[in-house]
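Following: one structure in structure tokens, then a few remarks.
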Ligand SMILES: [Mn+2]
């Protein structure tokens, strides 16, 4: 939940699109470190994507014309900058497969965590000065 609300807080005009995913990843990694499912230096875990066995997709996509809408996320090295009127999903998750294989140097996942998967999604409009969560009325 915190990863998702923190990621949504990055949705405002002028902010790079990539900040949404980066924010979600950082909160998820902090949580996985608290649970001792990831160990070591947080910056290294993020840079080397050692969280990927738990979180293997991006945090959202454009929305508007179709379910998974077309649109550019990145111009070469430069992320798309958010603009008023854009609509996107914010949907981080954590998945702990029964057969999860941690990356080298990371701990084995205890049995009690295996088989759990959670994803929380909202659809968010970039407004002139911030954002509006279009799905705010949907229970989660
Ligand atoms: Mn989606």
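The values are calculated or read from the model by the stated rules, or taken from the named source; none is laboratory data. It should be emphasised that the depicted structure is a prediction, and the values quoted were computed from it without experimental measurement. Positions of Cβ are generated from backbone atoms using ideal geometry, with glycine treated the same way; all protein chains shown enter the neighbour counts.
In a residue-by-residue description of segment 98-119, the property of being modelled with pLDDT of 95 or more and closer than 20 Å to residue 69 by Cβ applies to at least one position.
I want to confirm something. Restricting to segment 79-91 and keeping residues that are outside any loop (DSSP other than H, G, I, E, B) and out of contact with any helix residue (DSSP H, G or I) (no Cβ under 8 Å at 6 or more places or on another chain), which single residue is nearest to the ligand (Cβ to nearest atom)? Working first, answer last.
Filtering segment 79-91 for residues outside any loop (DSSP other than H, G, I, E, B) gives 79, 81, 87-90.
Now drop any that are not out of contact with any helix residue (DSSP H, G or I) (no Cβ under 8 Å at 6 or more places or on another chain), which leaves 81, 87, 89.
Details: 81: 21, 87: 12, 89: 5 Å.
Checked segment 79-91; the qualifying residue nearest to the ligand (Cβ to nearest atom) is 89.
Being farther than 21 Å from residue 56 by Cβ, exposed (fewer than 15 other Cβ atoms within 10 Å of the Cβ) and free of Cβ contacts under 8 Å to residues at least 60 places away in the same chain is a condition met by at least one residue of segment 81-103. When segment 104-140 is filtered for residues that are out of contact with any strand residue (DSSP E or B) (no Cβ under 8 Å at 6 or more places or on another chain) and touching a residue at least 40 places away in the same chain (Cβ under 8 Å), the ones remaining, listed by number, are 105, 106, 107, 127, 128, 129, 130. Scanning segment 6-21 turns up at least one residue that is assigned to a helix (DSSP H, G or I), more than 22 Å from residue 136 (Cα to Cα) and in contact (Cβ under 8 Å) with a residue 60 or more places away in the chain. Residues in segment 92-131 that are under 17 Å from residue 2 (Cβ atoms) and assigned to a loop (DSSP other than H, G, I, E, B) were compared, and the one that is nearest to the ligand (Cβ to nearest atom) is 121.
Every condition in (1) touching a helix residue (DSSP H, G or I) at 6+ places or on another chain (Cβ under 8 Å); (2) assigned to a loop (DSSP other than H, G, I, E, B); (3) closer than 19 Å to residue 10 by Cα; (4) away from the ligand (no atom under 16 Å from the Cβ) holds for residue 46 except the one numbered (2). It is to be established whether one or more residues within segment 56-78 are within 12 Å of the ligand (Cβ to nearest atom), in contact with a helix residue (DSSP H, G or I) (Cβ under 6 Å, 6 or more places away or on another chain), farther than 21 Å from residue 132 by Cβ and in contact (Cβ under 8 Å) with a residue 24 or more places away in the chain. Yes, there is a match, as at least one residue in segment 56-78 is within 12 Å of the ligand (Cβ to nearest atom), in contact with a helix residue (DSSP H, G or I) (Cβ under 6 Å, 6 or more places away or on another chain), farther than 21 Å from residue 132 by Cβ and in contact (Cβ under 8 Å) with a residue 24 or more places away in the chain.
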